[in-house]
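Worksheet for the structure shown next.
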Amino acid sequence: MQFLTPPEQGWRRYVAIGDSFTEGMNDEDPQRPGEFVGWADRLAAMLHQESRQSGNGLEYANLAIRGRKLADVVERQLPDALSLQPDLVSMVGGGNDILRPRADIEALAERLEKAVIRIRATGADVLLATPTDPRDAPLLRAVRGRHATYTACLWSIARRHGCALVDQWGMRVLGDWRVWSEDRIHMNSEGHRRVALAAFTALGYSPEDAAWDDPLPPAPPLARAERLRGDRAWAKTFVVPWVGRRLTGRSSGDGRSAKRPGLLPLP
């Protein structure tokens, strides 16, 4: 982790930008069927509680939209985020770019760094996150080298500009499929909860649950036939539609708007 020291009075205006990860897929909201919570919403709630201890509170906006590439994040979401005059911005993007056959990782890192410089010039703090390690992911392990290179770039960017950084690549628990949803691309509620605690730690706080990266208890072994049936069902349900969108130039975020486009106080 790359850590920050939180302001004495806590952060007051937090804006999250990014793609489906920051939008919160697939952390189902039990209070709003069909909607997602996600690590950024969970982090905002924790930051709000810290700010309240100083007699203040937190306003929070989430501009992230699923399927967005890094250009969309820094050219569309970032200007809207900065117009809200935040004192903390989380920016996580590039994952959808890395999946493209001709992805230029160095160019992605350069674009992200320029965005970080823009944010830091306003005086706001920045929270970044590395990709996860896709070593055992059936769809993503083919681009593991790209993930590793981008991760190294993010560490350098965070060091140069004093950003907090969540080291998802190094989180042991994220190597367990039980913290991922059925699509094997997005985390489930437990995965998002643990990343939120990691982010809270990177921002200089000590979470009540200090075991956020502890591995889950060992899982019972899965028979090979059962594993193959699961792989076939996953490919039919999730991979085929994903490939279809890529071939037709469509995105899962087409027609969607941000779930929390303006700063709103938390309860």
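The values are calculated or read from the model by the stated rules, or taken from the named source; none is laboratory data. Keep in mind that this is a model prediction, so the values were computed, not measured. Counting neighbours? That spans all protein chains shown, and the Cβs are built from the backbone with ideal geometry, glycine included.
Points worth noting:
- Condition met for Leu78 (at pLDDT 95 or above, closer than 23 Å to Leu47 by Cα and crowded, with 20+ Cβ neighbours inside 10 Å): yes
- Of all residue pairs spaced 6 or more apart or on separate chains, those with beta-carbon atoms under 9 Å, a first member in segment 1-15 that is without any contact (Cβ under 8 Å) to a residue 60 or more places away in the chain and a second member that is hydrophobic (A, V, I, L, M, F, W, C) are Gly10/Leu47; Gly10/Leu58.
- Filter pass, Arg184 being touching a Phe, Trp or Tyr at 6+ places or on another chain (Cβ under 8 Å) and at pLDDT below 95: yes
- Any chance His192 is surrounded by 21 or more Cβ atoms within 10 Å (Cβ to Cβ), farther than 21 Å from Ile119 by Cα and touching a residue at least 60 places away in the same chain (Cβ under 8 Å): yes
- When Val143, Val116 are checked against the criterion of being touching a helix residue (DSSP H, G or I) at 6+ places or on another chain (Cβ under 8 Å), at pLDDT below 95 and of a type in the set (A, V, I, L, M), a single residue qualifies: Val143.
- Close Cβ contacts (under 7 Å, 6 or more residues apart or on different chains) running from residues in segment 92-104 that are touching a residue at least 12 places away in the same chain (Cβ under 8 Å) to residues that are among the β-branched types (Val, Ile, Thr) and buried (at least 16 other Cβ atoms within 10 Å of the Cβ) comprise Val92/Thr22; Gly93/Val73; Ile98/Val143; Leu99/Val143.
- Test: residue in segment 154-173 that is surrounded by fewer than 18 Cβ atoms within 10 Å (Cβ to Cβ), part of a loop (DSSP other than H, G, I, E, B), modelled with pLDDT of 95 or more and in contact with a Lys or Arg (Cβ under 8 Å, 6 or more places away or on another chain): yes
- Residue match in segment 71-83 (condition: farther than 19 Å from Thr151 by Cβ and among the basic types (Lys, Arg)): yes
- Odd one out for Gln77 among (1) part of a loop (DSSP other than H, G, I, E, B); (2) on the phi < 0 side of the Ramachandran plot; (3) out of contact with any helix residue (DSSP H, G or I) (no Cβ under 7 Å at 6 or more places or on another chain): (1)
Each row is one residue, and each column tells you yes or no for (1) touching a strand residue (DSSP E or B) at 6+ places or on another chain (Cβ under 6 Å); (2) farther than 18 Å from Arg76 by Cβ; (3) assigned to a strand (DSSP E or B).
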residue	(1), (2), (3)
Val89	yes, no, yes
Glu110	no, yes, no
Ala115	no, no, no
Arg118	no, no, no
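- Summed over segment 40-65, the residues that are out of contact with any strand residue (DSSP E or B) (no Cβ under 8 Å at 6 or more places or on another chain) and either closer than 20 Å to Gly18 by Cα or not acidic (Asp, Glu) (or both) give a count of 11.
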